[in-house]
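Please read the structure below before turning to the comments.
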Amino acid sequence: MDIVYRFDPHDPIQHKVPRSNREALKFLELGNDRYHAMAERIQEIATGKRDHSPMIVPVNPLQLGIPIVAGLEQAHAPYALVLGCSDARAPIERILDCTANDVFVVRVAGNVLGVECLGSIDYAVTVLRSSLQSVLVMGHTQCGAVAAAVDLYLRPSSFGDIAFSHAVRSLTDRILLSVRNAARGLETSLGAKVQKHKRYREWLTTTSCFLNAAVTAYDLQREVNSLTKGLHVSYSVYDMAWTRMGALPQRSKKEAEGTPRFAAAPESAKDFDNLVESITHRLV
Ligand SMILES: [Zn+2]
């Protein structure tokens, strides 16, 4: 299959810029739609369900980071800030089909907030505020950092290498709050016997991935509020199996299509309780 990036200098596409949080999230949603559509197209070709006709992608050179006139650089003006995981399977700009100068990206294993992360975020919120319309915490399914925190929670004596590494523990310690809340939520929804279920670790990891993104969004919203007004933080989890972003787990194509892509950062303990209930409802 050929994917052709086409620039027509006589009819260049306009590079639109969102002007609100709502518009910015819509841009990111449409970007993930394009990425998902490309994934589906490739899968249909691979299984012989459609022909190999080329896929044409119109581009503007600025979107590729190329100045139209040599020697001129663009002003730094991202419309969104995305805090995501370092996982190599979750490339943020590709999944959201963003182009150069669209998103200010901070990546750290487990998408947790550390001092250096906050420094980058504070810089963006302060210096790039005029263009910045939205902040997104982007987790992903099958997150290794979250799985490590889950294993530390379930079998602390078996994971000494992690437990005794100060550097790694600085990540897992931040995720353990979400793991404990996920465990409590699973027990509340499914009863204490859930711990014996053969899929308990899988359910605990998935629930923790969503809760961890939500907890980070909660913390980040408070940080952002201390720096500026009117900048909203949302969260979402990239589902690697379905190539879609979602605010809740997606077990099927039909369910994925009805799942909201983003959710606003929780504001209270009640919001977290409702979130755990919604996640566990979708797991079983
Ligand atoms: Zn991860």
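The values are calculated or read from the model by the stated rules, or taken from the named source; none is laboratory data. Everything numeric here is computed off the predicted structure, so don't read it as measured data. Glycine gets a Cβ as well: all are built from the backbone with ideal geometry, and neighbour counts include every protein chain shown. Areas reflect the complete protein model, heavy atoms only, side chains present, ligands, DNA and RNA absent. Shrake-Rupley method; radii C 1.70, N 1.55, O 1.52, S 1.80 Å.
Observations
- The distance separating the Cα centre of the range 174-193 from that of the range 242-267 comes to 20 Å.
- When the inverse distances between all different Cα atoms of the chain are averaged and flipped, the Kirkwood radius reads 20.2 angstrom.
- Using a probe of 1.4 angstrom and keeping all protein chains present, the accessible surface of the chain works out to 53 square angstrom per residue.
- Separation between Cα centres of the range 102-164 and the range 57-100, rounded to whole Å: 21 Å
- Here the range 22-86 is treated as an ellipsoid with the same Cα gyration tensor; its semi-axes, largest first and in whole Å, are 30, 19, 10.
- Calculated [222 nm] ellipticity per residue, helices only, for the chain: -14500 deg cm²/dmol; basis is -39500 (n - 2.57) per DSSP H run with n ≥ 4, divided by all residues, nearest 500.
- Förster-model FRET efficiency, 41 Å R0, Glu223 and Ala39, C-beta, rounded to 0.05: 0.75
- Two-decimal log10 I(q)/I(0) for the range 47-182, as the Debye equation yields it once each C-alpha is a single scatterer, q = 0.18 Å⁻¹: -1.03
- Volume per residue of the C-alpha convex hull in the range 118-274, rounded to whole Å³: 132 Å³
- Distance histogram in 10 Å bins (all Cα pairs of the range 1-127, percent per bin): 11, 33, 35, 18, 4, 0
- Considering only the chain, percent of DSSP beta bridges that pair antiparallel, nearest 5: 20 percent
- Taking the Cα centre of the chain as origin and assigning +1 to Lys and Arg Cβ atoms and -1 to Asp and Glu Cβ atoms, the resulting dipole is close to 840 debye.
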